[in-house]
Amino acid sequence: MDFSTSNEESELSQAQTELYKHVYNFVGSMALKSAMELGIADAIHSHGKPITLLELATVLNLHPSKIGVLHRLLRLLTHNGLFARTTVPGIEGAEEETAYGLTPPSKLLVKSNSTCLAPIVKGALHSSSLDMWGSSKKWLTEDKEDLTLFESATGESFWEFLNKETESDTLSMFQEAMAADSNMFKLALKEGMHVFEGLTSLVDVAGGRGGISKLIHEAFPDIKCTVFDQPQVVASLSGDENLNFVAGDMFMSIPPADAVLLKWVLHDWNDEQSLKILKNCKEAISGRGKDGKVIIIEILIDETSDDRELTELKLKYDLVLLSMFNGKEREKKEWEELIYGAGFSSYKITPICGIKSLIEVFP
Ligand code: SAH
Ligand code: P1S
């Protein structure tokens, strides 16, 4: 009998492996979520050097019966690069021991660091973002235009869900995630200083709790920054002379300024809604004539310049935004249609922090 694998068999095996990789993608996300909830990165950080399994289990207060589980969790998380595996010398001449350290992505889970993305892990992997996927077939087959997957699954929009009195913890979780993302811009802002030079005022439209405005305010204390968001988000916040919080509805009108900033806003909305927002932005900067501008910080899908993995991440984001808000991530052509459709005359794209780009839009 010939046991050498035929081409057909090897293709089938490869196909199976490929499919299973996609099926179990979610386990990587869930293992990351567990690591974040346990505080593994914080424990390694506080230890000041790579930590052994037993030391880690002790500081995390794990029951001794769970040490084997922790080992297997870390086996995946070191394999996929979230943590590093090294060795430390054994105590009093004993054999060296395996120890776990941080890698660049897990450093972003350390809560005492100024750049910490743990709130994004918490928010994006919260049940409110996951459970709706159980209704995807119902959503795709029902004939209700404009209904999001979230609404189809829960009976209310994600904004309604966040804004309910009873969900103030979820609203805080969402806003903390946005603030964490904004903090990542500290270095990028320094490099992109020219974008803000010469401005005397700026409105951060749908600016959440003002994460990025606070950084701009630090770097340019003379610019009058206004964070504009829904009343339930900004009502309780206060700033200072050049950083103020204003409640309102960007679909109605936007306070006037030299420039408008829209970070992570337009991807929440469909084209019609985005056009309305952009037209209101154009109105808000009209007092500054040709020198006004709109600064958009968003994802740009660019399959020709980005590698396959980065495009995959951006396309996943597109589906997340679609399912929650009927929003979308856009390609250059789609950005152009929005920008010119809203009556602007030119734009300039610069890559910035991580997966986002900065698009300056001129009247
Ligand atoms: N720009 C911020 C927040 C992005 S989240 C950041 O990047 O950190 C999107 C924001 O849009 C939320 O804070 C939400 O409250 C706000 N928003 C939603 N509808 C709005 C409306 N009609 N007018 C003003 N802000 C709105
Ligand atoms: C999806 O929703 C948004 C994110 C992601 C998301 C929306 C914006 C920006 C980022 O981060 C979170 C998500 C955070 C969350 C969440 C969902 O907290 C609770 O639910 O994956 C805004 O433009």
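Computed from the coordinates by the stated procedures, all read-outs in this text should not be read as laboratory data. Just so it is clear, the structure is predicted and the values come from calculations on it, not from any experiment. All Cβ positions, glycine included, derive from the backbone under ideal geometry; neighbour counts span all protein chains shown.
Distance in nm between label sites at S65 and T304, each 7 Å beyond Cα in the beta-carbon direction?
6.0 nm
Can you flag which of K138/K263; K137/K164; K33/K348; K111/K332; K186/K314; K21/K138 are past 29 Å Cα-Cα?
Over 29 Å Cα-Cα: K138/K263; K33/K348; K111/K332.
Hey, which aspartates and glutamates would be in cross-link range of K190, C-alpha to C-alpha under 13 Å, not counting anything within fewer than 8 residues on its own chain?
E218
Give the long-range amide H neighbours of K111: residues separated by 5 or more places, or on another chain, with amide H under 5 Å away, using H modelled in the peptide plane at 1.01 Å from N.
For K111, the qualifying residues are D42.
To the nearest 20 debye, what charge dipole does segment 35-85 have about its Cα centre, counting +1 at the Cβ of each Lys and Arg and -1 at the Cβ of each Asp and Glu?
With only Lys, Arg, Asp and Glu charged at Cβ, the dipole is about 220 debye.
How big is the convex hull of the Cα atoms of the chain, per residue, in Å³?
Each residue corresponds to 213 Å³ of Cα convex hull volume.
Mind checking the full-extension length gain between T311 and L54? Use 0.36 nm per residue of separation minus the Cα-Cα distance, one decimal, nm.
On the way: separation 257, 0.36 × 257 = 92.52 nm, distance 3.95 nm.
Contour length minus the Cα-Cα distance gives 88.6 nm.
Name all residues of segment 228-250 having a backbone nitrogen under 19 Å from the label point set 7 Å from the Cα of W159 along its Cα→Cβ direction, giving them as ranges.
Only 228-236, 246-250 fall inside the zone, counting backbone N under 19 Å.
Exposure proxy check: D318, D249 ranked by fewest other beta carbons within 10 Å?
Final ranking by Cβ density, sparse to dense: D249, D318.
Remind me, what semi-axes does segment 1-145 give for its equivalent ellipsoid, largest first in whole Å, using sqrt of 5 times each Cα gyration tensor eigenvalue?
On the way: eigenvalues 244, 144, 33 Å².
Here the semi-axes work out to 35, 27, 13 Å.
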